Amino acid sequence: MLDRTVVRPSPVNDKPLNSDLHPVLRRIIALRPCQYTDYVLNDLLRPDTLHGLSGVVARLMRARDEQSSICVIGDYDCDGATATAVAVRGLKLMGFHQVDYLIPNRFESGYGLSVSIVQQALALSSKPTILLTVDNGISSVDGVAYAKKHALDV
């Protein structure tokens, strides 16, 4: 295990960025097309502007009350893995007891909520009644149809 930090000089101009930021974070931001770094929660979309969200919340609360099993279907990239971890942990903190997750292998199951990944979810011993997708996009028509055919809410 490393017991020291090596800081290499940055080839990018990160001087305009907030000097309170960690040097690694400054370099990452300087290399990305960020317009500003002062993001605040108030700038995010309000949850009530997301179409259908109240129905999803009601379904999840019913599932929690019934202690139904949920399977989170994520993605294998860094934001998909993070979203999966946040969803699983958040659901458990909200009182869900049976929360599984699946991260599809792109070479075997393709991308998103494929029929193959739904089949894997159906084979889980927890027998989920809800598939909660994170970082999957919206074009998984066949996977959603297959899940609904097998009485899974997506």
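Check segment 119-132 and report whether any residue there is within 11 Å of the chain's Cα centre (by Cα), within 23 Å of A63 (Cα to Cα), in a helix (DSSP H, G or I) and among the aliphatic types (A, V, I, L, M).
Taking segment 119-132 and keeping what is within 11 Å of the chain's Cα centre (by Cα), we get 132.
From the residues that got through so far, the ones that are within 23 Å of A63 (Cα to Cα) too are 132.
Next cut, in a helix (DSSP H, G or I) only: none.
No: zero hits.
Does at least one position in segment 107-116 carry a residue that is loosely packed, with under 14 Cβ neighbours inside 10 Å and either in contact with an Asp or Glu (Cβ under 7 Å, 6 or more places away or on another chain) or not hydroxyl-bearing (S, T, Y) (or both)?
Quick first cut of segment 107-116, residues loosely packed, with under 14 Cβ neighbours inside 10 Å only: 107-108.
Subset that is either in contact with an Asp or Glu (Cβ under 7 Å, 6 or more places away or on another chain) or not hydroxyl-bearing (S, T, Y) (or both): 107-108.
For segment 107-116, residues loosely packed, with under 14 Cβ neighbours inside 10 Å and either in contact with an Asp or Glu (Cβ under 7 Å, 6 or more places away or on another chain) or not hydroxyl-bearing (S, T, Y) (or both): present.
Pull up segment 66-85, narrow it to residues that are in contact (Cβ under 8 Å) with a residue 12 or more places away in the chain and in a helix (DSSP H, G or I), then point me to the one that is surrounded by the most Cβ atoms within 10 Å (Cβ to Cβ). Break it down stepwise before answering.
First, the residues of segment 66-85 that are in contact (Cβ under 8 Å) with a residue 12 or more places away in the chain: 67-77, 79-81, 83-84.
Next, from what is left, pick out any that are in a helix (DSSP H, G or I): 79-81, 83-84.
On the way: D79: 11, G80: 18, A81: 16, A83: 18, T84: 22.
Only one residue tops the list, namely T84.
Hey, does segment 50-59 have a residue that's farther than 30 Å from D153 by Cα and at pLDDT 75 or above?
Looking only at segment 50-59, we keep the residues that are farther than 30 Å from D153 by Cα, and these are none.
No - not one qualifying residue is present in segment 50-59.
Show the residue pairs meeting these rules: Cβ distance below 9 Å; 6+ apart or different chains; first residue within segment 39-58 and under 19 Å from A87 (Cα atoms); second residue hydrophobic (A, V, I, L, M, F, W, C) and at pLDDT 90 or above.
Sorted first by the residue in segment 39-58, then by its partner, the pairs are P47/L53; P47/V57; L50/V56; V56/L132.
Filter segment 40-65 down to residues that are surrounded by 10 or more Cβ atoms within 10 Å (Cβ to Cβ) and hydrophobic (A, V, I, L, M, F, W, C), then give me how many there are.
Looking only at segment 40-65, we keep the residues that are surrounded by 10 or more Cβ atoms within 10 Å (Cβ to Cβ), and these are 50, 53-54, 56-64.
When the remaining residues are screened for being hydrophobic (A, V, I, L, M, F, W, C), the result is 50, 53, 56-58, 60-61, 63.
Total satisfying the criteria: 8.
How many residues does segment 124-138 contain that are surrounded by fewer than 19 Cβ atoms within 10 Å (Cβ to Cβ) and in contact with a Ser or Thr (Cβ under 7 Å, 6 or more places away or on another chain)?
3
Limited to segment 93-106, what total is found for residues that are part of a helix (DSSP H, G or I) and surrounded by 13 or more Cβ atoms within 10 Å (Cβ to Cβ)? Give the steps one after another, and end with the answer.
The first filter runs over segment 93-106 and keeps only residues part of a helix (DSSP H, G or I), leaving 93, 106.
So of that shortlist, the ones also surrounded by 13 or more Cβ atoms within 10 Å (Cβ to Cβ) come out as 106.
Residues that pass the stated criteria total 1.
Restricting segment 133-154 to residues that are of a type in the set (A, V, I, L, M, F, W, C) and in a loop (DSSP other than H, G, I, E, B), which is modelled with the lowest pLDDT?
Of the residues in segment 133-154, the ones of a type in the set (A, V, I, L, M, F, W, C) are 134, 138, 141, 144-145, 147, 151-152, 154.
Restricting the remaining residues to those that are in a loop (DSSP other than H, G, I, E, B) gives 134, 138, 151-152, 154.
Values: V134: 93, I138: 77, A151: 95, L152: 96, V154: 93.
Only one residue tops the list, namely I138.
The values are calculated or read from the model by the stated rules, or taken from the named source; none is laboratory data. Since this is a predicted model, take the numbers as computed values, not measurements. Note: ideal-geometry Cβ built from the backbone for every residue, glycine included; neighbour counts use all protein chains shown.
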